[in-house]
Amino acid sequence: MRAVVQNDKSRARITTAVAGSAALALAASTLLTGCSGDPAPAHGQGGPARPLDPRARQAAEHARLAAAARRWGLDDVPLTPPAPPAKKPAIAPRDGFEVDGQEEEGLPPVFTTVPTRKKVVFLTIDDGAEKDPAFLRMMSELKIPYSAFLSDYLVKEDYGYFRRMQAQGVTLNNHTLTHPYLPGLSYEEQRDEICGMQAVMKEQFGKAPTVFRPPYGNYNGDTLRAAKDCGIKYAPIWDEEVFVDHWEYRDWDRSLHPGDIVLTHFRGRDDWNGTMVDDMRRFLNKVTREGYAVARLEDYL
Ligand SMILES: [Zn+2]
């Protein structure tokens, strides 16, 4: 109980501070993204409504995003990602993360960062325990792309929630049927976990994914062979993990790099001291502050 009260207090404080700096935040982000900030041209009174010209449309969209950022308590407006690359980067396994037969058998690569020089990171969200409607509203109003890695034992409680997510443009990917420690299972058992989830996703969401993440980031050669056999082409894991109250880093330099894949989970107050919205606020504030935009992982695969 005490923890909840503290949390609410600190949130109220943040919200107040943010409201005060809203005008500054808008001005700063206008500079960063090259929006002109010019007001939309006034329409003649009583004349026929004309569509906004591109500059005015951009300014209006920017104002809309700034208002959404204020509403969700962000320190600043999230940066707009660059257009998807015309030529997709070649994805190789991270050094030391390949398995025997990786190249010869064309097994799906396990990687933590997408090769790019652009200042983008990729947000990936796992499992599916928490189904928070406010999270869906937040991400759609702020236009933040992300990819979901779903495990059936959690999402089957409410496939409809994830269909709404999919309708907002989110790609749903495979995270097994029951979230086991895969290297402890036989090839056949691993194949059942991965192909079984492919079948569920085809049935529930209309499409079997080509992207799969092994639970806990643990896998062996059989995992990647089974995944390939189930139609999987990529097995991204992550370079950073964000929690509602802290970050964890895979690399010694403890910092974000261009193309990094960031992991978080569909979790709420049952699992940690905050909501999905609190978690996303922490994530977005840090990446924006460090000059990164959030891009769509599947645009680079
Ligand atoms: Zn998981």
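Structure summary
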read-out	value
Distance between region 259-301 and region 81-107 - C-alpha centres, whole angstrom	23 Å
Lys/Arg +1, Asp/Glu -1 at C-beta; region 216-256 dipole; positive extreme among Val242, Leu256, Ala226	Ala226
Lysines whose Cα lies under 18 Å from that of Lys118, excluding same-chain neighbours fewer than 8 positions away	Lys87, Lys88, Lys286
Dipole of region 94-157 [Lys/Arg +1, Asp/Glu -1 at C-beta], most positive-end residue of Gln102, Val120, Tyr153	Val120
Region 79-224 shape via C-alpha gyration tensor axes, a/c threshold 1.5	oblate
Nearest-0.05 FRET efficiency for Arg137 and Glu103, computed from C-beta distance (R0 35 Å)	0.20
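None of the figures in this text is laboratory data; all of them are computed from the coordinates on show. For clarity, every value in this text was computed on a predicted model and none was experimentally measured. Glycine also receives a Cβ, built like all others from the backbone with ideal geometry; neighbour counts cover every protein chain displayed.
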